[in-house]
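J.: The structure is given below, and queries will be raised subsequently.
The values are calculated or read from the model by the stated rules, or taken from the named source; none is laboratory data. Here the structure is a predicted model, which means the values were calculated and not measured. Here Cβ is always computed from backbone atoms with ideal geometry, including for glycine, and neighbour counts include all displayed protein chains.
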Amino acid sequence: MHPILEKLPGGDRRSIGRANEIAAAVLADPPKFHIVFEVLPNGDPIIRMRAGDVLEKVTKSRPEFLKPYKRKLLAIASETRQIEVRWHAALMIPRLALSPAQRAAAVDILFKYLQDRSSIVRACTIDALAQLACGDQRLRARMLLLLHELIRNWHSGYTGTRKRAFCST
């Protein structure tokens, strides 16, 4: 195991552990990005969660690091059921330069995330979709419908519990 990966485990899923330290190390030594990315679909849930956190933090300032991992990230985002990986993936997806087909797949993934039981996943997803909608008039129209639905739910007493019809678009 690479020494940087030895800093990922430990504790529980309520803690980021040493993710900030690892993100700083990756920014200082970019080849380490690959090492962290490769454990995102593997390993135990804590390692996946922390790897997602590190990758999201790094790509906030260096989105170009994701370029070689575009297909892998979309595949992981599509397949994962882990809440923490989903919310980190949702935050990273808008940082990708996507072809029209990849963009459509990403939007489909994100709209499925709106059904997640986690309010964090849903909030990150709304942010991601809003970012993607900036350059896409059709998606912008879908987002306006979604936002109207969210406001309607909120006004009718939406309490944050999972609703089956959270998003019908």
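J.: Does any residue of region 49-67 turn out to be over 30 Å from R140 (Cβ atoms), touching a residue at least 24 places away in the same chain (Cβ under 8 Å) and of a type in the set (V, I, T)? Let's see the steps before the verdict.
T.: Just the residues of region 49-67 that are over 30 Å from R140 (Cβ atoms), to begin with: 49-51, 54.
Filter again for touching a residue at least 24 places away in the same chain (Cβ under 8 Å), leaving 49-51, 54.
If we keep only those that are of a type in the set (V, I, T) too, we end up with 54.
Yes; the residues of region 49-67 include at least one that is over 30 Å from R140 (Cβ atoms), touching a residue at least 24 places away in the same chain (Cβ under 8 Å) and of a type in the set (V, I, T).
J.: Quickly run through region 72-88 and pick out the residues that are of a type outside the set (D, E), closer than 18 Å to R117 by Cα and more than 10 Å from the chain's Cα centre (by Cα). Explain how you work it out, then say what you get.
T.: Here is the first cut: in region 72-88, the ones of a type outside the set (D, E) are 72-78, 80-83, 85-88.
Then keep just the ones that are closer than 18 Å to R117 by Cα; that gives 77-78, 80-83, 85-88.
Residues satisfying the conditions are S78, T80, R81, Q82.
J.: Then there is this: Of these, L98, L91, L129, L110, which one is closer than 23 Å to A51 by Cα, in a helix (DSSP H, G or I) and more than 10 Å from the chain's Cα centre (by Cα)?
T.: Values: L98 fails: in a helix (DSSP H, G or I); L91 fails: more than 10 Å from the chain's Cα centre (by Cα); L110 fails: more than 10 Å from the chain's Cα centre (by Cα).
Exactly one of L98, L91, L129, L110 is closer than 23 Å to A51 by Cα, in a helix (DSSP H, G or I) and more than 10 Å from the chain's Cα centre (by Cα), namely L129.
J.: Can you name the residue in region 20-46 that is under 19 Å from R86 (Cα atoms) and small (G, A, S) and, of all such residues, is surrounded by the most Cβ atoms within 10 Å (Cβ to Cβ)?
T.: Taking the candidates together, the pick is A23.
J.: Out of the residues in region 122-169 that are of a type in the set (D, E, K, R) and surrounded by fewer than 10 Cβ atoms within 10 Å (Cβ to Cβ), state the one that is modelled with the highest pLDDT.
T.: From region 122-169, those of a type in the set (D, E, K, R) are 122, 127, 136, 138, 140, 142, 149, 152, 162-164; that's our starting set.
Subsequent filtering for residues that are surrounded by fewer than 10 Cβ atoms within 10 Å (Cβ to Cβ) retains 138, 164.
Numbers: R138: 92, R164: 43.
Only one residue fits best here, namely R138.
J.: Look through region 1-28, keep the residues that are in a helix (DSSP H, G or I) and within 17 Å of D44 (Cα to Cα), and return whichever of them is modelled with the highest pLDDT.
T.: Looking at the filtered set, the residue picked out is A19.
J.: Test C134 against the stated conditions and say whether it is without any contact (Cβ under 8 Å) to a residue 12 or more places away in the chain, in contact with a helix residue (DSSP H, G or I) (Cβ under 8 Å, 6 or more places away or on another chain) and at negative phi.
T.: Answer is yes for this residue.
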